[in-house]
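The values are calculated or read from the model by the stated rules, or taken from the named source; none is laboratory data. Keep in mind that what you see is a predicted model, and the values were worked out from it rather than measured. For neighbour counting, all protein chains shown are included, and Cβ atoms are generated from backbone atoms with ideal geometry for every residue, glycine included.
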Amino acid sequence: MSNEIHLTTPLKTEDLEKLNVGDKVLISGKVYTARDAAHKRLVELVQAGKELPFNINGAVIYFVGPAPAPPGKPIGSAGPTTSYRMDPYSPTLLDVGLKAMIGKGQRGTAVINSIIKNKAIYLVAIGGAAVVTAQSVTSCKIIAYEDLGAEAIRELEVENFPAFVANDTKGQDIFKLGKEKYQNK
Amino acid sequence: MKKINVKEITPVIRKLFIDANYYIEQDLVDKMNEFLEIEKSETARGIIELILDNHAEAASEKMPLCQDTGVAIVFLEVGQDVQFVGGNLNNAINEGVRQAYKDGYLRKSMVDDPVIKRINTKDNTPAIIYTDIVDGDKVKITVAPKGGGAENMSEVKMMKAADGIEGVKNFVVDRIIQSGGNPCPPVVVGVGIGGSFEQCALLAKKSLLRPLDKINEDSVWAEVEEEILTRINDSGIGPMGLGGNTTALAVNILSKPCHIASMPVAVNVQCHCHRHKSIVLE
Ligand code: SF4
């Protein structure tokens, strides 16, 4: 089930409609980091009708709180954090143009429905493979909420960032399909 | 009485936490390679290879294996003929944690108040310290930084004696299956059985320290471990929950006597980033 597909941000619906769960994607371009605390603030901005700190149209959000960058490196270790904690916030952001989320672990029904409705995708990066993942980041700058430390929003420039399609635009869910395929095998 | 100056403890703790975060133990690498041989999913094999690659990169780049460098858990086994001098032991340990997380470029993940304020303490303190008093005049220190993703999938259940061994097995298997991809499988499953509400949780955590190439000394529990492991790996969850045969690398059980009315069981979930380092101060 695995194809390797290159994606460049900002993402377009046509690019995403071709993807199927299990596909390996390599992302290049800008990716924004956000965890629980930053999501809370972003959703409050949307609800208040205010501008977000980055252009969310076609954007990719990576659920990560990186380790501090050692000298000479753009970023420290940077693997994904567990996604279900962002479930209360993701549909609001998908509705205003967010196209992809990168995290780990399964998503709730409301998020999956919002992914289908907005023709977006959910990608899984490899948790704990945080040094290898960080190696695809070429630059990193904090663009909002510096007070949140590891949870501040960072703009990452990435090159061939590896991830797997877990929920596609058609509503397929790898957490169901993968399990069924290998159960008792 | 042997005297140990607590000032000697600080640099020891500092080094143990940095090393635990940069260098994975060989038993974990060996286990991953064992599963790589039998894994049927190509995606899953790719993930396992990436994790093994990450071990090598972390060591050579001197970077933490995972960005979640964990809550700083410390186990002390203190010989009863030892006297600590020169200051407060807990303060010396916390100073070691502070230095490790700053100097080792490790992430600071502790908040001061768990609910209301949740302000980051900015130095990853306080450490969580458990002390056992043992015979002799040595001190064994084990550090085990524990990430939030896997810890959040853990559970304690006060079961009934009538639930029996089948009840215990089902509880453990279900806990891991319900966790799905959240705790970064392949996981190591720590199980504590017996004692009291809090002791079984601590047993579950301590069981994770058993080397992965050692089977349970009690053959009855060894069999139970084997059966639970097989059932978990038959679930098909696989690495990161994307499907495959490698969901858990090992199941480790520790048990203790308990009250006639009780049968507490705890499952402490540990991700493949199975970090711990020990030293004995002679
Ligand atoms: S569960 Fe483990 S490997 Fe996964 S992000 Fe947390 S500490 Fe890292």
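Key figures for this structure:
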item: Selected residue [modelled with pLDDT of 95 or more and in a strand (DSSP E or B)] from B:N216, B:N245, B:N252; result: B:N252
item: Where A:A48 falls short, out of the listed (1) over 30 Å from B:A58 (Cα atoms); (2) small (G, A, S); (3) in contact (Cβ under 8 Å) with a residue 60 or more places away in the chain; result: (3)
item: Residue check, A:K99 buried (at least 19 other Cβ atoms within 10 Å of the Cβ), more than 14 Å from chain B (Cβ to nearest Cβ) and not aliphatic (A, V, I, L, M); result: yes
item: Residue within the range A:86-96 that is within 13 Å of chain B (Cβ to nearest Cβ), of a type outside the set (V, I, T) and more than 13 Å from the chain's Cα centre (by Cα) present; result: no
item: Test: residue in the range B:181-196 that is within 16 Å of the ligand (Cβ to nearest atom) and in contact with a Pro (Cβ under 7 Å, 6 or more places away or on another chain); result: yes
item: Residue identified as at pLDDT 95 or above and within 14 Å of chain A (Cβ to nearest Cβ) among B:V173, B:V156; result: B:V173
item: Failed criterion for A:E159 (all others in (1) more than 7 Å from chain B (Cβ to nearest Cβ); (2) farther than 19 Å from B:G181 by Cα; (3) without any contact (Cβ under 8 Å) to a residue 40 or more places away in the chain hold); result: (3)
item: Matching residues, the range B:76-111, being out of contact with any strand residue (DSSP E or B) (no Cβ under 8 Å at 6 or more places or on another chain) and without any contact (Cβ under 8 Å) to a residue 24 or more places away in the chain; result: B:K102
item: Cβ-Cβ under 7 Å pairs, at least 6 apart or on other chains, the range B:56-75 side over 15 Å from A:A150 (Cα atoms) and facing chain A (nearest Cβ under 7 Å), far side more than 16 Å from the ligand (Cβ to nearest atom) and at pLDDT 95 or above; result: B:M63/A:P70
item: Among the candidates B:G87, B:G70, B:G79, B:G46, residue that is surrounded by fewer than 22 Cβ atoms within 10 Å (Cβ to Cβ) and at positive phi; result: B:G87
item: All positions within the range B:160-178 that are buried (at least 18 other Cβ atoms within 10 Å of the Cβ) and on the phi > 0 side of the Ramachandran plot; result: none
item: Test for B:E151: is it more than 14 Å from chain A (Cβ to nearest Cβ), of a type outside the set (A, V, I, L, M, F, W, C) and either closer than 18 Å to B:N268 by Cβ or without any contact (Cβ under 8 Å) to a residue 60 or more places away in the chain (or both); result: no
item: Any hit, the range B:110-124, residues being within 14 Å of the ligand (Cβ to nearest atom), under 23 Å from A:K104 (Cα atoms) and part of a loop (DSSP other than H, G, I, E, B); result: no
item: Out of B:E57, B:E155, B:E151, B:E61, sole residue that is surrounded by fewer than 17 Cβ atoms within 10 Å (Cβ to Cβ), of a type in the set (D, E) and more than 17 Å from B:V12 (Cα to Cα); result: B:E61
item: Any hit, the range B:179-189, residues being assigned to a helix (DSSP H, G or I), surrounded by 21 or more Cβ atoms within 10 Å (Cβ to Cβ) and on the phi < 0 side of the Ramachandran plot; result: yes
item: Selected residue (criterion: nearest to A:I142 (Cα to Cα)) from residues of the range A:31-42 that are in contact with a Leu (Cβ under 7 Å, 6 or more places away or on another chain) and not in a loop (DSSP other than H, G, I, E, B); result: A:T33
item: Residue pairs meeting the criteria (Cβ under 6 Å; at least 6 apart or on separate chains; first within 13 Å of chain B (Cβ to nearest Cβ), in the range A:126-146; second among the β-branched types (V, I, T)); result: A:I126/B:I47; A:A129/B:I51; A:A134/A:I75; A:S136/A:V158; A:V137/A:I75; A:V137/A:V158; A:C140/A:I75; A:Y145/A:I153
item: Elements of type helices (runs of 4 or more DSSP H) in the range A:53-145, at least 3 residues being within 16 Å of the ligand (Cβ to nearest atom); result: A:130-134
item: Extreme residue, surrounded by the most Cβ atoms within 10 Å (Cβ to Cβ), among residues of the range B:206-259 that are free of Cβ contacts under 8 Å to residues at least 12 places away in the same chain and in contact with a helix residue (DSSP H, G or I) (Cβ under 8 Å, 6 or more places away or on another chain); result: B:G236
item: Set A:P66, A:P71: member being surrounded by fewer than 16 Cβ atoms within 10 Å (Cβ to Cβ), within 14 Å of chain B (Cβ to nearest Cβ) and farther than 24 Å from B:G243 by Cα; result: A:P71
item: Subset of the range A:163-174 (residues that are more than 16 Å from the ligand (Cβ to nearest atom), surrounded by 19 or more Cβ atoms within 10 Å (Cβ to Cβ) and within 11 Å of chain B (Cβ to nearest Cβ)); result: A:V165, A:I174
item: Residue within the range A:41-56 that is crowded, with 24+ Cβ neighbours inside 10 Å and either within 12 Å of chain B (Cβ to nearest Cβ) or of a type in the set (D, E) (or both) present; result: no
